[in-house]
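As structure tokens, the structure follows; a few thoughts come after it.
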Amino acid sequence: MRHRRKVKKFKSGKDANKMLFRKLTRNFLSRGTIVTSLKKAKVLKSEIEKSVQKAKKNTQASRNVLLKKIADKRIIDILSKQVVPVFTDVSSGFVRLIKLGQRASDGTEMVKVEWTKPVVLNGKKPEKKSDTSDTEVKKSKSK
């Protein structure tokens, strides 16, 4: 029974679900954004929130917990060195979900998961929409 337990259940089983969310967490932390189904995104959001809270503590015990959960030292370094400094003054609400509508093939509600503040990952600046078109930029470079 699951009385008073907030648990989302997926078809694959406990181990497969654990690996699914480990992969989703890794992909989100390495890219900064991900598109997935609504049900997976809700669980992913809670996993990311917990991971950022652990990383903000910056102790060896919290790194060990993250290493057990994520199992990739490179991703944990990205989390602690590039993500945590952006969210030092925020206690929660690190991730937002943006609904994209239904997928055409099976009607699943799709969601884009992204950071609430701009996070610079691996020295790359976050994408910004520019008002100038590509042709205007090419013309200015050729002059």
**OP:** Among the numbered conditions (1) farther than 19 Å from Pro118 by Cβ; (2) under 16 Å from the mean Cα position of the chain (by Cα), tell me where Asp15 comes up short.
**Re:** (2)
Subject >> Count of the stretch 1-36 residues which are in a helix (DSSP H, G or I) and in contact with a strand residue (DSSP E or B) (Cβ under 6 Å, 6 or more places away or on another chain) >> reply: 2
Subject >> Filter result (among the charged types (D, E, K, R) and closer than 15 Å to Asp77 by Cβ) within the stretch 19-59 >> reply: Arg26, Lys54, Lys56
Original post:
Among (1) of a type in the set (A, V, I, L, M, F, W, C); (2) more than 18 Å from Ile34 (Cβ to Cβ); (3) at pLDDT 95 or above, which single condition is Met110 missing?
Top reply: (2)
**OP:** Just give me the residues in the stretch 34-51 being surrounded by 16 or more Cβ atoms within 10 Å (Cβ to Cβ) and not acidic (Asp, Glu), in sequence order.
**Re:** Ile34, Thr36, Lys40, Ala41, Val43, Leu44, Lys45, Ile48, Ser51
Original post:
Given the conditions (1) part of a helix (DSSP H, G or I); (2) farther than 16 Å from Leu29 by Cβ, and given that Ser91 satisfies all but one, which numbered condition is not satisfied?
Top reply: (1)
**OP:** Just name the residue that is surrounded by the most Cβ atoms within 10 Å (Cβ to Cβ) out of those in the stretch 2-33 that are closer than 16 Å to Thr108 by Cβ and of a type in the set (A, V, I, L, M, F, W, C).
**Re:** Leu24
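Each row is one residue, and each column tells you yes or no for (1) of a type in the set (Phe, Trp, Tyr); (2) touching a Ser or Thr at 6+ places or on another chain (Cβ under 9 Å).
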| position | (1), (2) |
| --- | --- |
| Arg2 | no, no |
| Phe10 | yes, no |
| Ala16 | no, no |
| Thr25 | no, yes |
| Glu47 | no, yes |
| Ser51 | no, yes |
| Lys73 | no, no |
| Thr88 | no, no |
| Leu97 | no, no |
Subject >> Test for Ile34: is it of a type outside the set (Ser, Thr, Tyr) and under 18 Å from Lys117 (Cα atoms) >> reply: yes
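This table checks each residue for (1) exposed (fewer than 13 other Cβ atoms within 10 Å of the Cβ); (2) touching a residue at least 40 places away in the same chain (Cβ under 8 Å).
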position: Gln53; (1), (2): no, no
position: Val65; (1), (2): no, no
position: Lys68; (1), (2): yes, no
position: Ala71; (1), (2): no, yes
position: Leu79; (1), (2): no, yes
position: Val83; (1), (2): no, yes
position: Val90; (1), (2): yes, no
position: Phe94; (1), (2): no, yes
Subject >> Selection within the stretch 104-118 - farther than 30 Å from Pro85 by Cβ, touching a residue at least 24 places away in the same chain (Cβ under 8 Å) and not in a strand (DSSP E or B) >> reply: Thr108
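The values are calculated or read from the model by the stated rules, or taken from the named source; none is laboratory data. Not measured: the values here are computed from a predicted model. All Cβ positions, even for glycine, are placed from backbone atoms using ideal geometry, and neighbour counts span all protein chains on display.
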